[in-house]
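*Asks:* One structure, as structure tokens, below. Some questions next.
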Amino acid sequence: MTEQTPRKRLPLGQIWNMSFGFLGIQMGFALQNANASRILQTFGADVEHLSLFWLVAPVTGMIVQPIIGHYSDRTWTRLGRRRPYFLVGGLLAATGLILLPNASLFVAFLPALWIGAGFLMLMDASFNIAMEPFRALVGDLLPNSQRTLGFSIQTGLIGIGAVLGSWLPYVLGEWLGISSTADPGIIPTNVVVSFFVGAAVLLGTILWTVFTTKEHPPSPPPQSIAPKTNGFTSIFRDFCHMPNTMRQLGLVQFFSWFGLFSMWVFTTPALAQHSWGLDPADTSSAAFNEAGNYVGIIFGVYNFVAAVFAFLLPTIANRIGRKRTHALCLSLGGIGLISMLLITDPNHRWLLNICMVGVGIAWASILAMPYAMLAGSIPPAKMGVYMGIFNFFITAPQIVNGLIGGYIVKNFYEGEAIYALVGAGVLFLLAAASVLFVEEKEPWSTRIKWPSSS
């Protein structure tokens, strides 16, 4: 491998610009996370089937991200190496945001539930096309000494976007008077308008990054490392030769993301049943929509905490190390999720926000620390494909949860979705214990030759 040009330290403004598009992506992702279960229930999905619909996200991520990473490593255009991919992904994701809450308009072709699931798939595939290049871009442009800062800024922007997306339906409904209720089978207007706004912000922030960030041609040129084998064979070979640090982080990621998936899927039915005292069959009453709106509030709280806490992560990690930092943050998140079991009265709903403080601290660390620990063990020429392969350890636990999560809630928790959140908290604690056994590597030396894909 030809020696890589040493990366120069970049000013804070440039690091901010290269990740600014992630704000819009995460705003759209937050709108999906906080409202997809509610939308699907409105269209007729049962609680125990929700996790099956949510399988769309990890399945598409498992397929799309390694492929996008592999080919973006080998791409160089007038727009650069990574920017063409997150530009296309952003355009498609904005289209999905507009279509998902309006699935009922297409009932002449298919039931609204299945049309909604299809648009959810479009959104998930598009988010994955856009997200992976942003992760690789930090690895491409920043030296190891700035990568914790780079991923932390990225996490902060993710948090800001997620707050905006999570709170927007509530703000439109409660503060601006836009209708937050609708007839059965119809999505409330405040949710529809929120998705339109999310699409506009997503496109605007993506374009900001495209026009303000300069990529440098890789050395060697992408054409000189083009594989003689097909892309899937090359990705499989890279998967088999993944760094040991990545394998060890895989267990941490499995526990973390299994728990996160449970939280995203089951928080709305959990709070509607456990805190608001509603019947599981109630999916359209004013109380159910109140619970659904409040889920957006508490999701916004954990993302706001993550956005603020992300900027403290580099300082904490410098003092106690990345592994201990991640273990501490995951433990606080686990305690927060388990504590939600204690809140059984909607008049005490404000206590849910305190629970979400711990979750927000964990979320900030989940979005930054594993990548910071991993980046030093990855060869520079394979940054994109390995960031994509690392996504396997995010999507696999979600797929497993999607297949068995609804069954567990129905048959082991007797339909009480709140225990899915308690279980998620326990998994966070297991992830905290697992991270202490990860072996961190020094930054990859450009003098070491990595097996070529050719």
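The values are calculated or read from the model by the stated rules, or taken from the named source; none is laboratory data. Just so it is clear, the structure is predicted and the values come from calculations on it, not from any experiment. Please note that ligands, DNA and RNA were not included when accessible areas were found on the heavy atoms of the full protein model with its side chains. Shrake-Rupley method; radii C 1.70, N 1.55, O 1.52, S 1.80 Å.
*Asks:* Summing -39500 (n - 2.57) over the DSSP H runs of n ≥ 4 in the chain and dividing by its residue number, what mean residue ellipticity at 222 nm do you reach, to the nearest 500 deg cm²/dmol?
*Replies:* Helices in the chain give a 222 nm mean residue ellipticity of -23500 deg cm²/dmol.
*Asks:* Could I ask something else about it? For a quick check of understanding: with a 1.4 angstrom probe and all protein chains in place, what accessible area in square angstrom does LEU341 have, to the nearest ten?
*Replies:* 60 Å²
*Asks:* Determine the order of VAL357, VAL171 by accessible area, beginning with the largest, at a probe radius of 1.4 Å.
*Replies:* In descending accessible area the options line up as VAL357, VAL171.
*Asks:* Right, something else. Excluding ligands and nucleic acids, what accessible area in Å² is computed for TRP167 using a 1.4 Å probe, to the nearest 10?
*Replies:* Surface open to solvent at TRP167 totals about 80 Å².
*Asks:* Further question on the same structure: Whenever you get a sec, line up TYR294, TYR71, TYR413 from highest to lowest accessible area (probe 1.4 Å, protein heavy atoms).
*Replies:* TYR71, TYR413, TYR294
*Asks:* Would you check the accessible area of LYS323, probe 1.4 Å, heavy atoms only, in square angstrom rounded to 10?
*Replies:* Counting only protein heavy atoms, LYS323 exposes about 60 Å² to solvent.
*Asks:* Let me ask another. Averaging sequence separations of C-alpha pairs under 8 Å and six or more residues apart, then dividing by the length of the stretch 13-132, give the relative contact order as a whole percent.
*Replies:* Computed over the stretch 13-132, the figure is 35 percent.
*Asks:* Which order do THR75, THR212 take by accessible area at a 1.4 Å probe, largest first?
*Replies:* THR212, THR75
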